[in-house]
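What follows is a short report on a single structure.
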Amino acid sequence: MKTAFLLLFSACFFFCTAQPGDRYHKNKSFVDFKDPKTKLLGFKNEKGKTVVPAVYSRVYFSPDNGDWSVEKDSLSGVYSNEGKLILEPVYTYIDIQPYRGQGFIVVSKDNKNYGLTDLKGGRLLDLKYPRIIDFRENLLISTESSNTNNNPVLKVIDTSLHTILDESIIHAQIHSFVEDQSVDGKPGLYLNVIKNEKLALFSGSGRQITDYIYAGLFRSRGDLISARLSNTANTCGIIDADNRIIVPFKYRFAGVFDDNTIRADAADGSSLYFDATGKPITEAEFKKRNAKHPYWGEE
C-alpha cells in the first residue's frame, strides 16, 4: 500500500520524451515544432506563429497538468498552458502537484536539496529540505531517500526542519494528510498513519489521536473528522480532535457541513442531522445553517 501511495507522488515529467506531432504533445493553443537546422524544439500557436523559440532539446505537454515541460542543457523548466514561462530551465528535478492542498511544485537543482514554488512559479520554500512528497501549511511529508519507489523511510517535518513524526520511531507508515474542507473557520491539520492495514489519526503536532482501527479517514473540517470503521456498509461516523465519537459509526455516509453541522445518511435512505456536539437538529435548522454552501460535504 505504501509503495502504491508513493507512486502517486513520484511521476516526474522531466523523464518523459516525446516527438513532435505526438497527439499527447498538443493542446488547443500550442504545438511543438523542430528547427530544421539546430534540431531544437519550441512552440507555435495554432496560426503557426512562434510563441517560444526552438531552443530546447525536449518539450512535452502534460494533458493532466495542462503545462509544458522543457529541457535545455539537461536542465528542466516549465511553461504554462498559455505559453508563459513559469520556471526557468535551471532544475534537475521538478514535480508538479496541482491537486494536493492548494497545489505546489517541488524543485531541486542538485537532487539533494529541495524546495517549493506555487503553481505560478512563486517561491514558497527555499532549496534546503529533504525530498518533499507532500505539503500542507507548515508541514512536509519528506524522505532522505532519492528513490521513492523503494519504500523509503518517511518523516513529517515542519518548515523549520523539526521532526514531527518519524516512521522509524513510531514503527508505522505515514500515509497522507487528511483532506481538509474548512471554508468557514480555522482549517484542521491531521495525518493518516497506517499499521497492519488500519489507519490512525495524528494531529499536526504529532500527537496520536486514535488507535489503528479505521479503514478510512475521509476528510476534516475544523475539529471534526469523518471516518469509516471498515469497508463494509454502514460504518461511517464522525469523531472530534480529542477522539470523542460525535456521530456513531452506523451510517452509510456521515459528513461535516457549514457551521459544524453534520448530515448522516442511513441505510434506508433517510438522513439525520446533528450539531458539532452530536445533538440532533432538524432538517430545517440544518438547511438554514448551510444556506451558503448547501451541497458541501456530499459524498
Problem - Options ILE262, ILE245: the member that is under 25 Å from HIS175 (Cα atoms) and either surrounded by 13 or more Cβ atoms within 10 Å (Cβ to Cβ) or modelled with pLDDT of 95 or more (or both) - result: ILE245
Exercise for the section: Can you work out which of the residues in region 50-105 that are of a type in the set (Phe, Trp, Tyr) and part of a strand (DSSP E or B) is modelled with the lowest pLDDT? Expected result: PHE61
Practice task
Mind telling me which of the residues LYS128, LYS120 ends up being part of a strand (DSSP E or B) and exposed (fewer than 14 other Cβ atoms within 10 Å of the Cβ)?
Solution key: LYS128
Practice task
For LEU140, state whether it is surrounded by 15 or more Cβ atoms within 10 Å (Cβ to Cβ), among the hydrophobic types (A, V, I, L, M, F, W, C) and touching a strand residue (DSSP E or B) at 6+ places or on another chain (Cβ under 8 Å).
Solution key: yes
Fill in the blank from the handout: With the first residue restricted to region 110-130 and required to be in contact (Cβ under 8 Å) with a residue 40 or more places away in the chain, and the second required to be buried (at least 16 other Cβ atoms within 10 Å of the Cβ) and of a type outside the set (Asp, Glu), Cβ contacts under 6 Å at 6 or more apart or on different chains are GLY121/ILE86; GLY121/LEU87
Handout entry: Long-range neighbours under 8 Å by Cβ, at least six apart or interchain, first residue on the phi > 0 side of the Ramachandran plot within region 252-281, second of a type in the set (A, V, I, L, M) and surrounded by fewer than 20 Cβ atoms within 10 Å (Cβ to Cβ)
Key = ASN260/ALA276; GLY278/ILE245
Practice task
Of the conditions (1) outside any loop (DSSP other than H, G, I, E, B); (2) assigned by TED's automatic domain parsing to the domain that holds PHE249, PHE135 clears all except one; give me its number.
Solution key: (2)
Problem - region 66-90, residues that are surrounded by fewer than 19 Cβ atoms within 10 Å (Cβ to Cβ) and either under 16 Å from PHE104 (Cβ atoms) or outside the structural domain of ASP35 (by TED's automatic domain parsing) (or both) - result: GLY66, SER80
Handout entry: Matching residues, region 84-125, being within 19 Å of the chain's Cα centre (by Cα) and aromatic (Phe, Trp, Tyr)
Key = TYR93, TYR99, PHE104, TYR114
Handout entry: Identity of the residue in region 12-49, modelled with pLDDT under 85 and in contact with an Asp or Glu (Cβ under 7 Å, 6 or more places away or on another chain), that ends up nearest to ASP134 (Cα to Cα)
Key = CYS12
Practice task
Scan region 172-186 and give yes if some residue there is hydrophobic (A, V, I, L, M, F, W, C) and either at pLDDT 95 or above or assigned to a helix (DSSP H, G or I) (or both), otherwise no.
Solution key: yes
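The values are calculated or read from the model by the stated rules, or taken from the named source; none is laboratory data. Owing to the predicted nature of the structure, the values given are computational and were not obtained by experimental measurement. Neighbour counts run over all protein chains shown; Cβ positions are idealised from the backbone, glycine included.
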